[in-house]
Amino acid sequence: MRIRLAAFDWLTEQIERHPDGLPRARLAEGFVFERQRVPLIGPQGIFKPKACELPLSITTIPNGPYSDAMVGPLLRYSYRGTDALHPDNVGLRLAMRRHVPLALFYRMRPSLYLCARPVYVVGDDPARLTFDVAVDDVAQLNEPSGTPAASEDRAAIRREYVTASFRRRLHQQAFREQVLSAYRDQCALCRLRHRELLDAAHITADSELEGEPKVSNGLALCKLHHAAFDNFFLTVRPDYRIEVKRSILAESDGPMLLVGLKQIHGQLIQLPRAVSDRPDRERLERHFERFTRAS
């Protein structure tokens with residue numbers, strides 16, 4: 001257990017350093033525990049380093065070779081292969097029986113992973129060749145448990161909530177990765193290329209019924225233009241040209257206003273190469289109508 005707690009502490013530090021995702025190379029290198037190197041990820045989805053008796057992490061890849069999927073408040077995680085007695089599957093089964101925490105890595109792109117920790121195997125379905133996995137709060141690792149029944153009930157409720165929160169974060173992060181990739185890591189309005197300063201902006205807000213996390217409902221925007229877009233200082237018309245609010249065009253307020261907003265008025269935005277990824281014209285039309293009313 002000491003190695004696991006050290007691994008989770010190390011992951012917390014890495015997440016603080018890499019908030020957009022953990023580099024695979026860093027996970028594969030791992031950390032040193034009592035003069036022994038402990039990698040966090042390997043070539044197989046279920047990974048057990050030499051220093052551990054049971055698996056330390058599981059990895060899931062969207063559209064990968066296994067049909068892992070979020071089902072309600074749980075991740076349905078596929079067995080390795082079809083043999084329920086494969087050592088990797090036996091290892092996860094033992095982790096479930098012993099309530100051993102693991103780390104979960106979700107691949108955003110080949111070299112970048114989102115991490116949840118700790119996660120617990122809470123179900124085993126040999127007929128479907130899957131395990132059920134729930135995410136828990138890392139703060140609970142060092143909390144003393146109460147009576148077994150009460151503790152189990154509280155843990156189930158807490159894990160359902162934390163897993164749902166992780167699922168939302170996963171969707172948001174996946175949307176960001178897809179949108180920034182489609183726009184070749186640059187702001188669609190000003191071509192700024194510093195990824196740390198870019199957002200995946202929704203055309204139809206994700207709080208609305210039609211605000212799906214699809215690339216065609218997104219724009220890669222720098223922080224300035226994201227705020228200006230959301231607050232109707234500017235918009236993108238259905239013909240993909242930028243329109244800046246008239247009162248802003250008439251205003252005089254230094255070089256940032258001139259270069260950041262005024263000079264892009266009427267310009268065509270940078271578009272994704274794939275036609276299917278380009279901004280949905282109907283969504284832009286609705287945003288333009290709101291922009292007109294706000295002006």
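The three principal axes of the Cα atoms in the stretch 16-73 give end-to-end lengths of 40, 29, 22 Å, sorted in falling order. Cα centroid separation, the stretch 189-213 to the stretch 249-293: 13 Å. Restricting attention to the chain, lysine pairs at least eight places apart or on different chains and with alpha-carbon atoms under 30 angstrom apart total 6. Fewest-first ordering of SER276, SER295 by other beta carbons within 10 Å of each residue's beta carbon gives SER276, SER295. Averaging Cα coordinates gives a centre for the stretch 217-232 and one for the stretch 76-145; these two points are 38 Å apart. Computed from the Cβ-Cβ distance with R0 of 22 Å, the FRET efficiency linking ILE248 to GLN270 stands at 0.55.
Note on TYR161 and ARG109: with the Förster distance fixed at 22 Å, the Cβ-Cβ geometry gives a FRET efficiency of about 0.20. At a Förster distance of 25 Å, what's the computed FRET efficiency of LEU209 paired with ASP230, Cβ-Cβ distance as r, to 0.05? Efficiency for this residue pair is about 0.85. Charge dipole (Cα centre; +1 on Lys/Arg Cβ, -1 on Asp/Glu Cβ; no other charges) of the chain amounts to roughly 680 debye.
Grab the other residues whose beta carbon is less than 15 angstrom from that of LEU268, score K and R as +1, D and E as -1, and report the net. Around LEU268, the surrounding residues sum to +4. Candidates ALA28, THR59, ILE15 compared by Cα position along the dipole of the stretch 6-71: farthest toward the positive end lies ALA28, with charges placed on Cβ. Each Lys or Arg adds one and each Asp or Glu subtracts one; over the other residues with Cβ under 13 Å from the Cβ of ILE157, this totals -2. Taking 0.36 nm per residue of sequence separation and removing the Cα-Cα distance, the ARG237/SER181 pair yields an extension gain of 17.9 nm.
Ranked by how many other Cβ atoms sit within 10 Å of their own Cβ, fewest first, the residues THR12, THR163 fall in the order THR12, THR163. Remark: the VAL90-ASP20 segment gains 21.9 nm on full extension, using 0.36 nm per residue and subtracting the alpha carbon distance. Between the Cα long axis of helix 281-294 and the first principal axis of the chain there is an angle of about 60°, rounded to the nearest 10. Remark: spin-label model distance ARG191-GLU152 equals 6.3 nm, labels positioned 7 Å along the Cα→Cβ axis. For the modelled label position 7 Å from the Cα of GLU34 along Cα-to-Cβ, which residues of the stretch 4-21 have backbone nitrogen atoms closer than 20 Å? From the stretch 4-21, the list is 4-11. Think of the chain as having a plus end and a minus end, set by charges on the Cβ of Lys, Arg, Asp and Glu; of ASN217, VAL38, ALA155, VAL38 sits farthest toward the positive end of this dipole.
Coordinate-derived values only; no laboratory data. As the structure is a prediction and not an experimental result, all values here were calculated from the model. Backbone-built Cβ (ideal geometry, glycine too); neighbour counts: all protein chains shown.
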